[in-house]
Structure formats: C-alpha cells, structure tokens
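Note sheet for the following structure.
The values are calculated or read from the model by the stated rules, or taken from the named source; none is laboratory data. Keep in mind it's a predicted model, so treat the numbers as computed, not measured. Cβ atoms come from the backbone with ideal geometry, glycine included; neighbour counts cover every protein chain shown. SASA here: full protein model, heavy atoms, side chains in, ligands and nucleic acids out. Shrake-Rupley method; radii C 1.70, N 1.55, O 1.52, S 1.80 Å.
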Amino acid sequence: MQLTQSSVGRKIIMAVTGIVLVGFVCVHLLGNSSMFVGADAINAYAQKLHSLGPFVWVFRLVMLVAFALHIAFGIQLTLENKAATPEANVQVKRLKTGFGAETMIVSGLVLLAFVIYHLLHFTVRVTNPEIYVPLGGDGMVDVYFMVVNGFKSVLPVIIYLAGMLFLFLHVSHGFQSLFQTLGLSNDKSLPVTGTVSKLVGFVLLLGYIAIPLSIVFGYIKL
Ligand code: HEM
C-alpha cells in the first residue's frame, strides 16, 4: 500500500506519542515498585507528586494530549488500512507480521478501557469507597492501604492481570514499530529491535503483575 504524506505524518506522531507513553509506563512502574518497600515509601512518593501542584496538571495535560493523539491516529490509520485492503476474492501475498502486529487496534482499545477503569479505581477513587482512607489533611489518601485493599477482591485482580497482558501485546509490537517508523531500523537490525521490543513488554508485564500477585499471595500486606 502507498503511504500518503499525511499518513506518514500521523505515523510519526504515533511513534513520538508512543515513546512518551512507554516512558510514562516505565516511570510509573518504578514509582509503584515502592509498594515493595512499604507503606511509608509509597505514601511519601504519592505525597511528593501531589506537592508538585501545578506541575502535576501540566504533566497530566501533556499525557492526555499524547494519549488522545495516539488513539485518534491509531483508529484513523486502521480504518484507512482496512479501506485500502483488496477485495476478499483477490489473492494477496501478505507481509509476515504476527499476532501482536495484527491486533494492535484491539490491544490499544482494551488498554484505553483498562486506563479508564484504573483511573476510576485509584485516581478519581469512585469504584471502591471502602478502600479510600484519608492521610493528612490535604485530600491525600493512604495509597498503600488503597492498593492493598484494592486487590483484595477477585475482579480487580483479573482486570489488572488481563490489562497487563494487553499492555505486553501492545508494547512488544509497538516498540519495534516505532523504530521502523522513525527510520531507525533496517533488515539487519529488525530482529534486534524485535527482541528488545518483546523484552521491554515482558519486563513491564512481570513488573506490573508482581504488585497484585504479591498482594494476593500475602507478600505485600497491611
Ligand atoms: C499493578 C499495576 C498498577 C498499579 C498498582 C498502579 C497504581 C497506581 C496508583 C496508586 C495511582 C494513583 C496515584 C496517586 O493518585 O497518588 C495510579 C495512577 C495512574 N496510573 Fe497506575 N498503576 C498500575 C498500572 C498502570 C498502567 C499499566 C498504566 C498505563 C497503561 C497506568 C496509568 C496510570 C495513570 C495514567 C494514572 C494517573 C496519574 C495521575 O494521577 O496523573 N497505571 N496508578
């Protein structure tokens, strides 16, 4: 398929916003890992973030714009690719792609649903009133208590584990794809970027599922 100039531009924006989102997911995992250190560590980390005041809102705005552009262009490119696919009765030789590549739109939309649920669970704090207890006087909650109790019932644990599987699927193809879009990979380096991409997805998967699983198995407890 011939790529138009505007679809190349949109792919580049998807690659750049993809880097911003993967960067966030890595930093978020590092921050969340303080759950393994203890209640004081994660609560001090949350308090530090909240004390940044307006900077937090600037950061949130940048993330929201990156996320919205990534999703909008992802949907648009998928629809364009679909419209350009030859009739079903015409035999076409397909490029070798793979499950992750072919399901990017599905994994992306599932991740969007996951993030909405996650924000309602831990940021807007509306799904489980029993897990939000105040800490200090400035609207902060006890984040350690919230996360441990947030994974006490089965449904959230299943939602998070499933969400992380889709994160793995999405990142392990998307990371490699952004190297190609930005012209940073060729036939020779493609297997290397492919492996690095899967490795990044796998580390994120293991790191993120470690938190709910450690709570379920009693390694992290109140
Ligand atoms: C086990 C997995 C995860 C845990 C335990 C977790 C924990 C948390 C917590 C405690 C907060 C609220 C922080 C606060 O208000 O002080 C939060 C916010 C957030 N999380 Fe996660 N998270 C997980 C996975 C993810 C993933 C995979 C993504 C993205 C795909 C994500 C995206 C976000 C976003 C966008 C926010 C809002 C940040 C803000 O308030 O500006 N989280 N998370």
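The table below gives the values:
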read-out: Candidate set: the stretch 127-144, residues that are within 11 Å of the ligand (Cβ to nearest atom) and open to solvent by 50 Å² or more (accessible area, probe 1.4 Å); chosen: the one nearest to Ile116 (Cα to Cα); value: Gly139
read-out: Those residues of the stretch 55-74 which are of a type in the set (Phe, Trp, Tyr) and either open to solvent by less than 70 Å² (accessible area, probe 1.4 Å) or in contact (Cβ under 8 Å) with a residue 60 or more places away in the chain (or both), in sequence order; value: Phe67, Phe73
read-out: Given (1) at pLDDT below 95; (2) part of a helix (DSSP H, G or I), index of the condition Val115 fails; value: (1)
read-out: Any chance Val154 is surrounded by fewer than 17 Cβ atoms within 10 Å (Cβ to Cβ) and modelled with pLDDT of 95 or more; value: yes
read-out: Test: residue in the stretch 21-31 that is more than 12 Å from the chain's Cα centre (by Cα), near the ligand (Cβ under 10 Å from one of its atoms) and either at pLDDT below 95 or open to solvent by less than 90 Å² (accessible area, probe 1.4 Å) (or both); value: yes
read-out: Per-region count, the stretch 119-138, residues in a loop (DSSP other than H, G, I, E, B) and touching a helix residue (DSSP H, G or I) at 6+ places or on another chain (Cβ under 8 Å); value: 9
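Per-residue answers, yes or no, for (1) touching a residue at least 60 places away in the same chain (Cβ under 8 Å); (2) not in a helix (DSSP H, G or I):
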{"residue": "Met146", "(1), (2)": "no, no"}
{"residue": "Lys152", "(1), (2)": "yes, yes"}
{"residue": "Leu155", "(1), (2)": "no, no"}
{"residue": "Ile158", "(1), (2)": "no, no"}
{"residue": "Met164", "(1), (2)": "no, no"}
{"residue": "Val171", "(1), (2)": "yes, no"}
{"residue": "Gly174", "(1), (2)": "yes, no"}
{"residue": "Gln180", "(1), (2)": "no, no"}
{"residue": "Leu184", "(1), (2)": "no, yes"}
